[in-house]
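Visitor: Next up is a structure, given as C-alpha cells.
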Amino acid sequence: MSKTIAILGSTGSIGTQTLEVVEANKDLKVAALSAGSNVALMEAQIRRFGPRLAVMGTEEAAADLRQRVRDLDVQVEAGMEGLLKLAVLPEADILVTAIVGMIGIRPTIAAIQAGKDIALANKETLVTAGHIIMPLAKEKGVRILPVDSEHSAIFQALNGEDGRQISRVLLTASGGPFRGRKRTELEKVQLEDALKHPNWAMGQKITIDSATLVNKGLEVMEAKWLFGTDLDQIQVVVQPQSVIHSMVEFVDGAVIAQLGTPDMKLPIQYALYYPERRFLAGERLDFAKLSRITFEEPDMETFQGLPLAFQAARQGGSMPTVFNAANERAVSKFLHRQIRFLDIYEIIRASMEEHRVVENPSVEEILEAERATYEFIENRW
Ligand code: NAD
Ligand code: MG
C-alpha cells in the first residue's frame, strides 16, 4: 500500500534518515518538507523527492529557496504558518515529526486534528503536551507511532499484548560519553567531548542531552505518555553497547526485548509501515562477535538530568515544560560556549524552583511557561 508523508525537519538527522527510507521504498511518497535554515540541502531534497510544499524557518531562507527552485512546481512558505499548512496537507497520510524542540507542538496537534497518523521523533512535544496529544489522538482515531529507538522497542515488544498487563518498562540507556565519570570530572569537559556519542550519530541538541542524561529523562516522560504507564513502572537500565533498545516486563515476569544494531532507520521504517515489517539493508547483530551485553544502574548523583526529570514529571502540569524549555535554552548556551557543562543542571534546577505549577496547561499556558522560563534564564545567565 502506498503512503504519502510530510516531514517536519527534513534536513536533520532523523529527517535525512527518513528520506533514506523513502529512497529504498518506492511506494512512499513525499508531499511536503520543512527545515530551519539549510536552504542548499532543502533544494536538493526538493529536486530529489518532488514535494508540493516546502517550509523554511524564516522568511529570508524561504525567499532564498524560492529563487533557487523557481523552475519547479513547489510552493515555498515560512515559519509557523507554513508548518501548520504542512501538517494538514490533504494528500499526506502521516506526519513525521523530526523537528527539534517545542516548536513541534502546534503542528503536531494540527495534524492529529486533521486525522493524520504521527511518526513521532520530536519527544519534546510529548513531554510538554502529552496530556493534550494522547487524548486527542484517541478521540480522532490516529496513531502515535514512536520513532525514538527505545519507544519503538517497547512498542515492538508490546505488539499484540494488552497494555494493562505491563508490569515494568525497562528503558535502556547507553550512559553517554561521560559514563563512569564523577561530578568533579565533569567540571571542565569541553563541547567537543560532549558531542562524541559512543554509539549514535544524532543532532547536536539530543547528543548533548545524551551526555547529561536529560535525554533519558525526556524519554521517561515520553514513555509514560505513549504507553500509559506510571512513573514508578519505568526503570532506566544502562546498557552501554546500545544493542538492547528497551524491554517490557509483563505481569507474569516474562521480559520481552527488541535487539539490533544501532540504526534509526529501523524504528523510522517500522513507524512508517506499521504493522508491516519490510526488508531493511544494514548490518545484522553477530552474537558471536558481540560476546557480551552488560548492565549498570544509572549514576543519578552525577547525571542529574535524570532525577530532575523524574521530579518534573512527578510535579506534573507545566513543570515538564519548564524542565524542557530550561534544558533547550541551556543546551543552546552550551553549544555557543556561553556556559559550562554542569551549568546545564543548574539552569534547569533554578528554572524549576522559580516556577509555580499550572495544572493541566493549555497550549497557550505551555507556551507561556516556555516564554517565562526563557526570560528567567536570560536575566540570570
Ligand atoms: P537535528 O538538529 O539533526 O534536526 C532538526 C531538524 O529540525 C532540522 O531539519 C532543522 O532544520 C529543523 N528545524 C529546526 N528549527 C526549525 C524551524 N524553526 N522551522 C523548521 N524546521 C526547523 O535533530 P535530530 O537529531 O534529527 O532530532 C530531531 C528530533 O528527534 C528531536 O526531538 C530528537 O530528540 C528526536 N530524536 C532524534 C534521534 C536521532 O537519532 N537523531 C533519536 C531519537 C529521537
Ligand atoms: Mg532514544
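Visitor: Over the chain, with a Gaussian network built from C-alpha contacts below 10 Å, which listed residue (Glu77, Glu222, Glu192) shows the highest mean-square fluctuation?
Guide: Sorting by GNM fluctuation, first place goes to Glu192.
Visitor: Please report the relative contact order for the chain, taking Cα pairs under 8 Å with a sequence separation of at least 6, and give it as a percent rounded to a whole number. Mind dumping the intermediate values first?
Guide: On the way: 691 pairs, mean separation 56.1, N = 381.
It rounds to 15 percent for the chain.
Visitor: Can I ask one more? How would Arg183, Arg164, Arg70 line up by accessible area, probe 1.4 Å, largest first? Intermediate values should be presented prior to the final figure.
Guide: Working: Arg183 85, Arg164 195, Arg70 170 Å².
The ranking, largest first, comes out as Arg164, Arg70, Arg183.
Visitor: For the stretch 78-119, compute Rh as the Kirkwood radius over C-alpha pairs and then the Stokes-Einstein diffusion coefficient at 10 °C and 1.306 mPa s; write the answer in µm²/s, rounded to an integer. Before the final figure, lay out each step's value.
Guide: Values: Rh = 10.1 Å.
Reported coefficient: 157 µm²/s.
Visitor: Counting pairs of alpha carbon atoms under 8 Å apart in space and at least six apart in sequence, what relative contact order in percent does the stretch 117-163 give? Show your work: numbers first, answer last.
Guide: Working: 27 pairs, mean separation 21.8, N = 47.
Answer for the stretch 117-163 is 46 percent.
Visitor: With the Cα gyration tensor of the stretch 239-290 giving a ≥ b ≥ c as the square roots of its eigenvalues, does the rule (a/c under 1.5 for rounded; else a/b larger than b/c for prolate; else oblate) give rounded, prolate or oblate?
Guide: Values: a/c = 2.21, a/b = 1.16, b/c = 1.91.
Oblate, since a/c reaches 1.5 and b/c is not below a/b.
Visitor: Cα-based Rg of the stretch 45-169 per 2.2 N^0.38 Å, rounded to two decimals? Working shown, then result.
Guide: Details: Rg = 16.8 Å, N = 125, 2.2 N^0.38 = 13.8 Å.
So the stretch 45-169 has a normalised radius of gyration of 1.22.
Visitor: Hey, what's the chain come to in accessible area per residue, 1.4 Å probe, Å²?
Guide: Values: 16590 Å² over 381 residues.
Solvent-accessible surface per residue comes out at 44 Å².
Visitor: Kindly identify the chain as rounded, prolate or oblate by the Cα gyration tensor criterion: order the square roots of the eigenvalues as a ≥ b ≥ c, call it rounded if a/c is under 1.5, otherwise compare a/b with b/c, prolate if a/b is larger, else oblate. Intermediate results must be reported in sequence, preceding the final value.
Guide: Working: a/c = 1.41, a/b = 1.16, b/c = 1.22.
The shape class here is rounded.
Visitor: Please list Glu185, Glu249 in order of solvent-accessible area, largest first, computed with a 1.4 Å probe with all protein chains present. Present the calculation step by step, with values, prior to reporting the outcome.
Guide: On the way: Glu185 100, Glu249 35 Å².
Largest accessible area first, the residues go Glu185, Glu249.
Visitor: Looking at the chain only, what percent of DSSP beta bridges run antiparallel? Nearest 5 please. Kindly include the intermediate steps, with their values, before the conclusion.
Guide: Numbers: 10 of 39 bridges.
DSSP beta bridges in the chain are roughly 25 percent antiparallel.
Visitor: Which of the residue pairs Lys26/Lys289; Lys3/Lys333; Lys224/Lys265 have a Cα-Cα distance greater than 32 Å in the structure shown? Intermediate results must be reported in sequence, preceding the final value.
Guide: Working: Lys26/Lys289 34 Å; Lys3/Lys333 40 Å; Lys224/Lys265 24 Å.
Among Lys26/Lys289; Lys3/Lys333; Lys224/Lys265, the Cα-Cα distance tops 32 Å for Lys26/Lys289; Lys3/Lys333.
Visitor: Between Lys182 and Glu301, what is the label-point separation in nm under the 7 Å Cα-to-beta-carbon projection?
Guide: 0.8 nm
Visitor: Given points 7 Å out from each Cα along the Cα-Cβ axis, report the Trp200 to Arg70 separation in nanometres with one decimal.
Guide: According to this spin-label approximation, the distance is 4.2 nm.
Visitor: In a shell of Cβ-Cβ distance under 12 Å around Glu364, excluding Glu364 itself, what net charge do Lys and Arg (+1) and Asp and Glu (-1) give?
Guide: On the way: positive: Arg106, Arg371; negative: Glu365, Glu368, Glu370.
Net charge in that neighbourhood comes out at -1.
Visitor: So how do 105-116, 1-12 stack up, highest first, on mean other-Cβ count within 10 Å? Numbers along the way, then the final one.
Guide: Numbers: 105-116: 20.8, 1-12: 22.2.
For the peptides 105-116, 1-12, the packing ranking is 1-12, 105-116.
Visitor: By its C-alpha gyration tensor, with a ≥ b ≥ c as the square roots of the eigenvalues, how is the stretch 233-381 shaped: rounded for a/c under 1.5, else prolate for a/b larger than b/c, else oblate? List each step's numbers first, then the result.
Guide: On the way: a/c = 2.01, a/b = 1.85, b/c = 1.09.
Cα axes put the stretch 233-381 in the prolate bin.
Visitor: Starting from 0.36 nm per residue, how many nanometres of slack lie between Ser167 and Ala40 once their C-alpha separation is accounted for? Don't skip to the answer; put the middle values down first.
Guide: Numbers: separation 127, 0.36 × 127 = 45.72 nm, distance 4.83 nm.
Result for the pair: 40.9 nm of gain on full extension.
Visitor: OK, next. Against the globular-protein guess of 2.2 N^0.38 Å, express the Cα radius of gyration of the stretch 1-97 as a ratio, rounded to two decimals. Walk me through the numbers before you get to the answer.
Guide: On the way: Rg = 12.0 Å, N = 97, 2.2 N^0.38 = 12.5 Å.
Output field value: 0.96.
Visitor: Could you tell me how far the Cα centroid of the stretch 44-107 sits from the Cα centroid of the stretch 228-286, in Å?
Guide: Centre-to-centre (Cα) distance: 31 Å.
The values are calculated or read from the model by the stated rules, or taken from the named source; none is laboratory data. Not measured: the values here are computed from a predicted model. Cβ atoms come from the backbone with ideal geometry, glycine included; neighbour counts cover every protein chain shown. The protein model used for the area step is the full one, side chains on, heavy atoms only, and it has no ligands, DNA or RNA in it. Shrake-Rupley method; radii C 1.70, N 1.55, O 1.52, S 1.80 Å.
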